[in-house]
Amino acid sequence: MALPTKQEVQDLVKQLTEAANAYDDSASLAGHLARTDIIARAKDLQRALITADQTPAYHGLNMAELIAARTFIKIGALDAIPDTGTISLHGLSKATGAQESLLERDARILVATGFLLQPSATTLAYGHSKFSLVYRAGSPAGYFFLALYDQYLKHAYNFDDYLEAHGQVSAAREPDDPLHNPCTWNAKQDGVSVWQIMAQNPEKLDQFQKGLAGIDVAVPPVGHFDFSLLKNSDEENAAGIKELVDVGGGHGVVLSKILAAHPDLGARNTVLQERKDICALAAEHLPEGAVAMEHDFTKEQPVKGAKGYFFRMIMHDYSDAVASGILKQIVPAMNSQSRVLVCDMILPQKVGEADFAAAVMDHAVMTMGGKERTEEGFRKIFDAAGLELVKVWRAPGVPGGVVEGRLRAN
């Protein structure tokens, strides 16, 4: 494909300039969207100027950056670089015990991408950029990168081999089995759940769980559905009706945030359901009055007639068939006032600069047999479970939201 004309380049520069004139450095949604628009326009210009035959080189640079960044984290090189100023190649080698030539080769890539700084073209000394600073040990962004690299990339890079091994090259299918998928195949443990495999390495499981904490920004627990709609009347309180059941609610952090944001709900009217071992930990975090109940969400829901059954970041771990099966376990417990509330990323029909992270997560959970969904995708699993999708509640500026379902009218 030919290079753009001078006029086409000038038009793209004009669009970028107009976006730059609307720059907003505030932390508001308007500021976020303004900056996203500038990035999108800049990428339009970049894509126009890169020739098609350069594509492999840029893909190669992306691959090399990921490997070099993961290596620098593993060997402690990022932590050895001072917060300000630089460290020499020799000093970095001495601090990490790594060979100078290995460090130089990895750093060369990281400097080329702007991940690290090399102030002088003639001196091998390196400093942090704003990007590498947030990948140091203990940082949420660093943990999120490790979760993506170790639990996604390492199981996805050979997806073509996975398809070949399963005889699917001429009829490829998305992984849809929680016990047989790229994660279990790469671990040579087909038939074992991904979570059981992760638990075999407590350190990596801990990294993964800490990394997922960063997704709170993309899939916030509150700010979309109005949980105050679940508030009981005096009569409902007297009847012992539960306002909210947090199914698979983890350590209770999310339920606590919901109750803090909606103090009109009563903690005594809420239930957190989890595995037995997690329930014991959750009890330490829950507000007084909230109940931690042992429950397997693949079994029938024991709390009958609750106002809301809440699933946050549960359905994206599972295929359509498994997810609709989980929802079917709720249906017998519901009445006409009950709502199923699924809190997950909601994919747009076309992904752009503002929401590409949701597509990344969709690819990541695919390796374990899960999927992120569009609104139509949620409608499909609701319908299969006997539920009607009645509303999608969105949080401004993020891909996460809540999909509300009710019993389907006969």
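The values are calculated or read from the model by the stated rules, or taken from the named source; none is laboratory data. Note that the coordinates shown come from a computational prediction; the quantities given were computed from them, not determined experimentally. Glycine also receives a Cβ, built like all others from the backbone with ideal geometry; neighbour counts cover every protein chain displayed. Surface accessibility is based on the protein's heavy atoms, side chains included, excluding ligands, DNA and RNA. Shrake-Rupley method; radii C 1.70, N 1.55, O 1.52, S 1.80 Å.
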Filtered residues of the range 261-291 (kept if more than 22 Å from residue 210 (Cβ to Cβ) and open to solvent by 30 Å² or more (accessible area, probe 1.4 Å)):
261, 263, 264, 268, 276, 287, 288, 289, 291
Identify, from the list 141, 213, the residue that is within 17 Å of the chain's Cα centre (by Cα) and either of a type in the set (Phe, Trp, Tyr) or open to solvent by less than 50 Å² (accessible area, probe 1.4 Å) (or both).
141
Criterion first (in a strand (DSSP E or B) and of a type outside the set (D, E, K, R)) does residue 365 satisfy it?
no
Is the range 320-343 home to any residue that is in contact with a His (Cβ under 6 Å, 6 or more places away or on another chain), buried (at least 17 other Cβ atoms within 10 Å of the Cβ) and either acidic (Asp, Glu) or in a helix (DSSP H, G or I) (or both)?
no
Within the range 378-402, can you find the residues that are within 25 Å of residue 33 (Cβ to Cβ) and among the small types (Gly, Ala, Ser)?
395, 397, 400, 401
Enumeration of residues in the range 386-400 that are crowded, with 20+ Cβ neighbours inside 10 Å and either of a type in the set (Lys, Arg) or at pLDDT 95 or above (or both)
387, 389
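So that you can scan it fast, the table gives a plain yes or no per residue for (1) without any contact (Cβ under 8 Å) to a residue 60 or more places away in the chain; (2) part of a loop (DSSP other than H, G, I, E, B); (3) among the basic types (Lys, Arg); (4) closer than 22 Å to residue 343 by Cβ:
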site: 173; (1), (2), (3), (4): yes, yes, yes, no
site: 192; (1), (2), (3), (4): yes, yes, no, no
site: 196; (1), (2), (3), (4): yes, no, no, no
site: 208; (1), (2), (3), (4): no, no, no, yes
site: 212; (1), (2), (3), (4): no, no, no, yes
site: 259; (1), (2), (3), (4): yes, no, no, yes
Residue 246 at pLDDT 95 or above, loosely packed, with under 14 Cβ neighbours inside 10 Å, touching a Lys or Arg at 6+ places or on another chain (Cβ under 8 Å) and not β-branched (Val, Ile, Thr)
no
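Yes or no, residue by residue, for (1) assigned to a helix (DSSP H, G or I); (2) buried (at least 19 other Cβ atoms within 10 Å of the Cβ):
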site	(1), (2)
78	yes, yes
91	yes, no
127	no, no
131	yes, no
If the requirement is being assigned to a helix (DSSP H, G or I), open to solvent by 60 Å² or more (accessible area, probe 1.4 Å), at pLDDT 95 or above and closer than 25 Å to residue 127 by Cα, which of these qualifies: 73, 67?
67
Hey, could you check the range 38-64 for residues that are in contact (Cβ under 8 Å) with a residue 40 or more places away in the chain and not hydrophobic (A, V, I, L, M, F, W, C) and say which is surrounded by the most Cβ atoms within 10 Å (Cβ to Cβ)?
43
Condition met for residue 34 (within 24 Å of the chain's Cα centre (by Cα), under 25 Å from residue 132 (Cα atoms) and without any contact (Cβ under 8 Å) to a residue 60 or more places away in the chain)
yes
